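Contents: one structure, followed by commentary.
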Amino acid sequence: MTKFSLLSQEEMGTLVGDVKEETPNGNGEDVIMQDSSEVSDSEAGSETASAAGKKSSRQKDLRQKAHSIAHSKEREAARAKEASKKQAIAEHRRLDEEVNKLERRLEGIEREFRKLLGSVRVKPLGRDRFYNRIWWFDGMGSASLVGSGGIALYGTGRLFIQGPSEFDLQQLEKKAIEDNEDIDARRLEEEGPEGILRPSDWAVYTELDELDAFVSWLNTKGHRELALKTALTKWWTHITAGMRKRMAVSYSNPLFALHI
């Protein structure tokens, strides 16, 4: 049997008090370890937040750089498009000038041809639906349509109408029979009693209003009047300019007007 010494209650109380003084919380070591863990987690969190902040800042910088590059490319494309547009406009203007030069040159050639050869190979501008022939004699032979400085010149300043030939009248009547048409009634209705010309008759347009009315009367669905209107359009500027010039001279000189 093991021997041991019994302690009194006072001794036991003293021992228990000493133990409590040495370990007042009863779990001091655990508290210290817990504090160290919390500090470590806090530091790790700070490092993670810092890394996330750097990543976000970098992404923001990359986005700004991408936007800047995109805007730069858009500006370059806009400048290139504007430069191309300006170049196209300049080229169009240059071609227009070339066309105008060629048209003026062609018009000069036409005038020279009419002046030198027109009187030798003179022919009417065309015929209307009733085979009346339309003549314009200005700018032939030694005459000229344009003077120095581009001033308009004229020979007669008129447009002449010659009645249909006998052969033309026969063709006109033949076609009227085929179409079951009264050509005399039609001519009377469209030309009027004073406008019907016989083969030996001549008439003249002296006023611009008369000429405008005649051109408006032409029907371009027919091949003869289409060709006539095309010829009139080709020389229209010179025809009307000659008429105006003649009228201006006749109004300023009454004696001259008596002879025209």
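Every number in this text was worked out from the coordinates using simple rules, so none of it is lab data. Note that the structure is predicted; figures quoted are calculated from it, not measured. Positions of Cβ are generated from backbone atoms using ideal geometry, with glycine treated the same way; all protein chains shown enter the neighbour counts.
Between ILE151 and ASN180, full extension at 0.36 nm per residue minus the direct alpha carbon distance yields a gain of 5.3 nm. The simple Förster model, with R0 at 30 Å and r as the Cβ-Cβ distance, assigns ARG104 and LEU226 a FRET efficiency of 0.70. Checking the cross-link pairs LYS175/LYS234; LYS123/LYS229; LYS101/LYS123; LYS86/LYS234; LYS221/LYS245 against a 25 Å limit on the alpha carbon distance flags LYS175/LYS234; LYS101/LYS123; LYS86/LYS234; LYS221/LYS245 as lying beyond it. Taking a Cβ cut-off of under 15 Å around HIS71, the surrounding Lys, Arg, Asp and Glu residues balance to a net charge of +3, with basic ones at +1 and acidic ones at -1.
Let me check I've understood the local charge: for GLY157, count other residues with C-beta under 14 angstrom from its C-beta, Lys and Arg +1, Asp and Glu -1. What total comes out? My count for the surroundings of GLY157 gives +1. If you take all other residues with their beta carbon under 10 Å from the beta carbon of GLY126, and give Lys and Arg +1 and Asp and Glu -1, the sum is +3. Taken along the Cα-to-beta-carbon direction at a fixed 7 Å, the label points for ALA213 and LEU188 span 2.1 nm.
Between ALA143 and ARG75, the C-beta separation translates, for a Förster distance of 51 Å, into a calculated FRET efficiency of about 0.20.
Charge dipole (Cα centre; +1 on Lys/Arg Cβ, -1 on Asp/Glu Cβ; no other charges) of segment 123-258 amounts to roughly 780 debye.
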